[in-house]
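This is the structure, below, for whatever I ask next.
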Amino acid sequence: MSPTASGRRPRIVVVGHGMVGHRFVAAAVERGLTATHDVVVYGEERRVAYDRVALTSFFEVGADALSLLPSGVYDDPRVALHTETSVVGIDREARRVRLADGTTASYDELVLATGAAPFVPPVPGKDLDGCFVYRTIEDLEAIRDAAARPRADGSKARGIVIGGGLLGLEAANALVQLGVEAHVVEMAPRLMPVQLDGAAGATLVRHIEKLGVHVHCGVVSTEVLDDGTGRVAGLGLRDADALEAEIVVFSAGIRPRDALAREAGLAVAERGGILVDEQLRSTTDPHVWAIGECAAPAGRMYGLVAPGYTMAEIVADTLLGGTAGAFTGADMSTKLKLLGVDVASFGDAFATGPDALELVFADAVAGLYKKLVVGPAGPDADGNPREDAWVLLGGILVGDASSYGVLRPLVSSGMLLPENPEELILPESRGALQLGLPDEAVVCSCNNVTKGDLLAAVDVDGEHRCEDLGAVKACTSAGTTCGSCVTTVKGVIEDYFGEIGKAVDTSLCEHFPLTRQELFDVVAVHGYRSFTEIVEAHGTGRGCDICKPAVASVLASQTGGHVLEGEVGALQDTNDAYLANIQRNGTYSVVPRIAGGEITPEGLIVIGEVARDFGLYTKITGGQRIDLFGARMEELPLIWSRLVDAGFESGHAYGKSLRTVKSCVGSTWCRYGVQDSVQLAIDLELRYRGLRSPHKLKGGVSGCARECAEARSKDFGVIATEKGWNLYVGGNGGATPRHAQLLVGDVDTETLVRYLDRYLMYYVRTADRLQRTAPWIESLEGGLDRVREIVVEDSLGLGTELEAAMARHVEGYFDEWKATLEDPEKLSRFVSFVNAPGQPDPNITFTTERGQIKPVNLDEPVVLGTSIPVGAPR
Amino acid sequence: MSAVRAEGPTTTWLPVCTTDQLSRERGVAALVGGRAVALFRTYDDEWFALDNHCPFAHASVLARGIVGTRGDVPFVASPMLKQPFGLRDGVCLDDPSVRVPTYPVRVVAGVVEVGVGSP
Ligand code: SRM
Ligand SMILES: Cc1cc2nc3c(=O)[nH]c(=O)nc-3n(C[C@H](O)[C@H](O)[C@H](O)COP(=O)(O)OP(=O)(O)OC[C@H]3O[C@@H](n4cnc5c(N)ncnc54)[C@H](O)[C@@H]3O)c2cc1C
Ligand code: SF4
Ligand code: FES
């Protein structure tokens, strides 16, 4: 939109700085609306927007942690934010809003984001001292203060929540946290009547009563009782004895805050909420918009934050001239943990659709209730009717909602259910083997997989018959997220196989009946140069995500060459394939090498400038260098050409290769230092950089025995002595920390490097895939002594050969990124879309946190043109 | 070929790239009718198109996964957490309840075309 007739920049006034108002401003800034418009925000609350969804955690984490704008101001100078400022009137004719202090402000576009207010039923006594609602931080502070006031006899205060819906149970949870005896009074015959059926509600009641909350369903409140001094004494009930309490919290639903709009003559929906069209524009006035809980698109208000966020994005887009956005309803599925109890309700939870059937699994003892609502599948692609084919319409889960993630997406996917759909909700059968850990022990906490789950997966008599670690990981997801549990998972399975006398399969994967070491040897013996040659001679099929990266690593160690060269490029794992580390939203991080952690002020400035110019998140890593996050794939070459021009090179943060050699400041500056640890660390890092290995490799060098570089937590650690260096090997941090052990003491630098060459090359040749040096040393017969025989005593006579191999690596080293930038063929892969190379992927979005970008993951793919493009223009 | 890949009566074919823009056993992302689509070429020069959005990672990344086979099923491993998706029908091989949408693909005179608009 162009400047106004007067030449002034057009102004958007936002009323309400809650979750959705804030999201609108953030979208306006991100999408570039503030390049042409001024934005003025008036918020009634004392605080800037905060995370109301997480309100109950206020008691634990405090107000600061909930803030959505911790700095209190937007970085963009075009946004003015006024807190504690209520808008009290709208003059639509003059396009001005009136503030509580009598002043007015003009607008060109008015965005109402006033949210909703708790509904307080008109019972007598509702205004007594001790009555509360549950909406703002101030409400919670007031409840906390009341809870801290002891009763006359010194005992704890008691509290009643009126309303057993979602928010009422949250409020009860808060009372329990405050140590208050809590009662919930619900008019309907069950809890969460909107989301749950009777049986599910009853299951939930049992859980919640176990936690000390008293539940009264099917009960009508008549009045709040007065203790004679204007304070709450209890709650009167119809056809039941009154309950005594000092605190009453109303949580009987919410009502959109549409009073401003009503007074200004804007149309409102029958059940409240400002009536707006699909673009969230008032049906009465094209310059007024409403978003969030105060809005009623198609006459319906939405009491969840996600639809509000969508509305905010659509308005920002529409004001920018976009025509694509349209709000056509929202998924009202719910999943939450209430007082530690899983509850989920999704789709047609009440089986209202024609021909809908319910499948229910209930276990009162375990407190489980799971219901699937299924319906007959429509005709197949050729139009033929299908027998006995079902699709999922909805469901309810109480007590265990772990399958929600799987079930929810099935609804509306139209996908046929497996033949026995009830298996989706039946608890998995568990093997009763006793192997150290109890079966209930959670082995993988990322994916909540217990030892019982693992045993069920490998159980020979059972249904699932996973034959190896890979299959178990695939079928239970154990070990697939952070990976820290893989050793335990492997241990559990191998123990089990040992128990039943089954030989453990050491094949790499279904394509190769070889271990990594055997693979390394056949490649060396035959001089293979491509995956195709290897798999045709020694394997089957066309490989997978396990054997391809392993082959890539073996080829890289033996032949050098660029990891993206020709067919080898297709073998590389996620990070190597783009020479950067992928992040949760599909963007990448960039880590230039800063050998030994030493960097010049000029170097720092270049990194800072690059990060600033590309809008990247920066962080100092645990490896003494700087990581730049949030680069889109197509930006990587641009970023790297700046870095390479300034003399930086790849830091191989993405590769199974040398990461860093950490140093302490050493004898140059430190009053205790006895050797130049920085120089040695730099030399070693530059010597072994780019060396592809079975797992990543890290080193450290300390200038004296105080060990400030933590060298003994590395795969190789060097500690200075008066006479030279002590070399330690086989250390690591991570999930199973190991201290490196002394391999040899008091050696000079040249000997040290020779031993290190041998040690590292022997590891590269013989270790298993993804085996770090500590477990590798353990796996060798003779352990550390074996390593010493080979490396120091050269008992196998391999020394010269290993050193020569390392010399070839050192000579052959080149910077992968520089080489990539010089090769149009390799560069051609760094595009967002093959047919639209310059178009940023709209699925990538960011918010900001602590003044830097932060990724946002999207549940559904974004479609350009037919829905909202949510990419920040960059 | 399963129903999801079949050409339907209202399929519109959109040209996306030339065959030499995609090497074997690799994927590329393409923008097809506003959607991010992952296009793959197998070792045997079969062509497949899946939605680029990985339902596990909630990110638009599938084109960047490793392409291989399980038994005789060609698949791509999501680059994020490695869930395998069959290229023929988009079904997750480890969790058949999850499927990513697929699109029909054809090659006409060296130009790869993706079909949209029908089933
Ligand atoms: C960025 C960083 C954290 C930070 O903000 O400080 C980091 C980030 C990652 N670490 Fe780390 N680690 C980082 C220092 C460490 C350290 C500390 C150190 O190096 O002194 C450790 C413990 C020391 C060690 O490795 O023994 C560490 C132990 C791990 C582990 C567990 C390794 C193990 O053997 O148990 C993993 C998982 C793995 O590699 O399989 C891991 C994996 C990862 C990955 C690569 C996960 C992934 O695949 O995406 C993370 C991505 C990096 C990225 O996107 O750029 N990271 N990680 C550090 C980068 C250092 C660098 O400059 O390269
Ligand atoms: C305890 C609790 C738990 C919740 N849990 C969930 C959940 O799990 N999932 C979920 O999706 N949603 C949940 N919600 C709902 C969610 O918080 C709301 O949907 C969301 O906050 C709506 O955002 P909004 O911006 O429309 O309203 P609000 O966040 O309420 O913001 C509106 C703001 O406008 C201000 N305002 C009003 N009138 C004026 C005026 N005239 N002048 C100036 N300022 C004004 C208000 O003071 C307020 O700050 C929960 C809510 C609560 C209270
Ligand atoms: S390890 Fe020694 S030399 Fe290095 S910084 Fe610490 S005290 Fe100083
Ligand atoms: S604990 Fe198992 S993957 Fe993280």
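The values are calculated or read from the model by the stated rules, or taken from the named source; none is laboratory data. In this text, all values refer to a predicted model and were calculated from it rather than measured experimentally. Backbone-built Cβ (ideal geometry, glycine too); neighbour counts: all protein chains shown.
Within region A:773-783, is even one residue modelled with pLDDT under 95, of a type outside the set (Lys, Arg), more than 16 Å from ligand 2 (Cβ to nearest atom) and more than 21 Å from residue A:491 (Cβ to Cβ)?
Yes.
Restricting to region A:503-535, name every residue that is surrounded by fewer than 21 Cβ atoms within 10 Å (Cβ to Cβ), within 14 Å of chain B (Cβ to nearest Cβ) and part of a helix (DSSP H, G or I).
Within region A:503-535, A:532, A:533 meet the criteria.
Would you check if residue A:678 is within 16 Å of ligand 3 (Cβ to nearest atom) and in contact with a strand residue (DSSP E or B) (Cβ under 8 Å, 6 or more places away or on another chain)?
Judged against the criteria, residue A:678 is a match.
Run residue A:786 past the list (1) without any contact (Cβ under 8 Å) to a residue 12 or more places away in the chain; (2) in contact with a strand residue (DSSP E or B) (Cβ under 8 Å, 6 or more places away or on another chain); (3) of a type in the set (D, E, K, R) and report the number of the one that doesn't hold.
Only one criterion in (1) without any contact (Cβ under 8 Å) to a residue 12 or more places away in the chain; (2) in contact with a strand residue (DSSP E or B) (Cβ under 8 Å, 6 or more places away or on another chain); (3) of a type in the set (D, E, K, R) is unmet by residue A:786, namely (2).
Next question. Which count do you get for residues in region A:536-564 that are among the acidic types (Asp, Glu) and facing chain B (nearest Cβ under 9 Å)?
So the count comes out to 1.
Does residue B:78 qualify as being within 7 Å of chain A (Cβ to nearest Cβ), in contact (Cβ under 8 Å) with a residue 12 or more places away in the chain, among the hydroxyl-bearing types (Ser, Thr, Tyr) and crowded, with 18+ Cβ neighbours inside 10 Å?
Criteria not met by residue B:78.
Could you identify the single residue in A:150, A:122 that is within 30 Å of residue A:276 (Cβ to Cβ), exposed (fewer than 15 other Cβ atoms within 10 Å of the Cβ) and either away from ligand 4 (no atom under 16 Å from the Cβ) or modelled with pLDDT under 95 (or both)? Working first, answer last.
On the way: A:150 fails: within 30 Å of residue A:276 (Cβ to Cβ).
From the options A:150, A:122, the qualifying one is A:122.
So for region B:38-45 (the condition being at pLDDT 90 or above, facing chain A (nearest Cβ under 7 Å) and over 15 Å from residue B:106 (Cα atoms)), does at least one residue qualify?
Looking through region B:38-45, at least one residue is at pLDDT 90 or above, facing chain A (nearest Cβ under 7 Å) and over 15 Å from residue B:106 (Cα atoms).
Also, I was wondering about something else. Please pick out the residue among A:49, A:54 that is modelled with pLDDT under 95 and either within 14 Å of another protein chain (Cβ to nearest Cβ) or within 12 Å of ligand 2 (Cβ to nearest atom) (or both).
A:54
Now, a different point. How many residues does region B:102-119 contain that are part of a loop (DSSP other than H, G, I, E, B), surrounded by fewer than 21 Cβ atoms within 10 Å (Cβ to Cβ) and more than 10 Å from every other protein chain (Cβ to nearest Cβ)?
Final tally of qualifying residues: 3.
To continue, here is another question. Go through (1) over 30 Å from residue A:417 (Cα atoms); (2) surrounded by fewer than 18 Cβ atoms within 10 Å (Cβ to Cβ) and name the single condition residue A:294 misses.
Every condition holds for residue A:294 apart from (2).
Suppose we keep only residues that are loosely packed, with under 14 Cβ neighbours inside 10 Å and within 11 Å of chain B (Cβ to nearest Cβ) within region A:800-837. Which one would you say is farthest from residue A:554 (Cα to Cα)?
Within region A:800-837, the match that is farthest from residue A:554 (Cα to Cα) is A:837.
When you look at residue A:327, is it free of Cβ contacts under 8 Å to residues at least 60 places away in the same chain, under 33 Å from the mean Cα position of the chain (by Cα) and crowded, with 23+ Cβ neighbours inside 10 Å, yes or no?
So residue A:327 fits the description; yes.
I'm told residue A:839 meets every condition in (1) over 30 Å from the mean Cα position of the chain (by Cα); (2) without any contact (Cβ under 8 Å) to a residue 12 or more places away in the chain except one. Can you identify the failing condition by its number?
Here residue A:839 clears every test but (1).
Looking at B:88, B:99 in this structure, which one is under 14 Å from the mean Cα position of the chain (by Cα) and facing chain A (nearest Cβ under 9 Å)?
Every option except B:99 fails the conditions.
Could you list, ordered by first residue, the pairs with Cβ atoms under 8 Å in which the first is in region A:660-671 and within 9 Å of residue A:709 (Cα to Cα) and the second is within 16 Å of ligand 4 (Cβ to nearest atom), at least 6 apart or interchain?
Taking only residues 6 or more apart or on different chains, not a single pair turns up.
Scan region A:723-734 and tell me whether some residue there is under 28 Å from residue A:518 (Cβ atoms), touching a residue at least 24 places away in the same chain (Cβ under 8 Å) and surrounded by fewer than 21 Cβ atoms within 10 Å (Cβ to Cβ).
Yes, some residue in region A:723-734 is under 28 Å from residue A:518 (Cβ atoms), touching a residue at least 24 places away in the same chain (Cβ under 8 Å) and surrounded by fewer than 21 Cβ atoms within 10 Å (Cβ to Cβ).
Hey, can you tell me all the residues within region A:245-274 that are out of contact with any Asp or Glu (no Cβ under 9 Å at 6 or more places or on another chain), among the aliphatic types (A, V, I, L, M) and either in a strand (DSSP E or B) or surrounded by 17 or more Cβ atoms within 10 Å (Cβ to Cβ) (or both)?
A:247, A:248, A:252, A:260, A:261
Something else: Taking residue A:382, is it more than 15 Å from residue A:201 (Cα to Cα) and either assigned to a strand (DSSP E or B) or not assigned by TED's automatic domain parsing to the domain that holds residue A:193 (or both)? Can you show your working first?
Numbers: more than 15 Å from residue A:201 (Cα to Cα): yes; either assigned to a strand (DSSP E or B) or not assigned by TED's automatic domain parsing to the domain that holds residue A:193 (or both): yes.
In short, yes.
Within region A:565-598, restricting attention to residues that are surrounded by fewer than 19 Cβ atoms within 10 Å (Cβ to Cβ) and part of a loop (DSSP other than H, G, I, E, B), which residue is farthest from the other protein chains (Cβ to nearest Cβ)?
Looking at the filtered set, the residue picked out is A:598.
A follow-up question, please. Which numbered condition in (1) within 16 Å of ligand 2 (Cβ to nearest atom); (2) touching a residue at least 12 places away in the same chain (Cβ under 8 Å); (3) not in a helix (DSSP H, G or I) is the only one that residue A:102 fails?
(2)
Only residues that are within 16 Å of ligand 1 (Cβ to nearest atom), outside any helix (DSSP H, G or I) and more than 30 Å from residue A:577 (Cα to Cα): list them for region A:653-692, please.
A:664
With respect to residue A:524, determine if the residue is under 24 Å from residue A:685 (Cβ atoms) and of a type outside the set (Lys, Arg).
no
Give the residues of region B:70-91 that are part of a strand (DSSP E or B) and either at pLDDT 95 or above or touching a strand residue (DSSP E or B) at 6+ places or on another chain (Cβ under 6 Å) (or both), sorted by residue number. So that I can check it myself, show each step before the final result.
Initial filter on region B:70-91 (part of a strand (DSSP E or B)): B:70, B:73-77, B:84-86, B:91.
Within region B:70-91, B:73, B:74, B:75, B:76, B:77, B:84, B:85, B:86, B:91 qualify.
While we're on this one: Inspect region A:294-310 for any residue being part of a loop (DSSP other than H, G, I, E, B), within 30 Å of the chain's Cα centre (by Cα) and in contact (Cβ under 8 Å) with a residue 60 or more places away in the chain and give the result as yes or no.
Yes, region A:294-310 has at least one match.
Give me the residue from region A:376-395 that is in contact with a Phe, Trp or Tyr (Cβ under 7 Å, 6 or more places away or on another chain) and buried (at least 16 other Cβ atoms within 10 Å of the Cβ) and, out of that set, modelled with the lowest pLDDT.
Initial filter on region A:376-395 (in contact with a Phe, Trp or Tyr (Cβ under 7 Å, 6 or more places away or on another chain)): A:376-377, A:394-395.
Right, trim to buried (at least 16 other Cβ atoms within 10 Å of the Cβ) and you get A:377, A:394-395.
Details: A:377: 82, A:394: 89, A:395: 91.
Selected residue: A:377.
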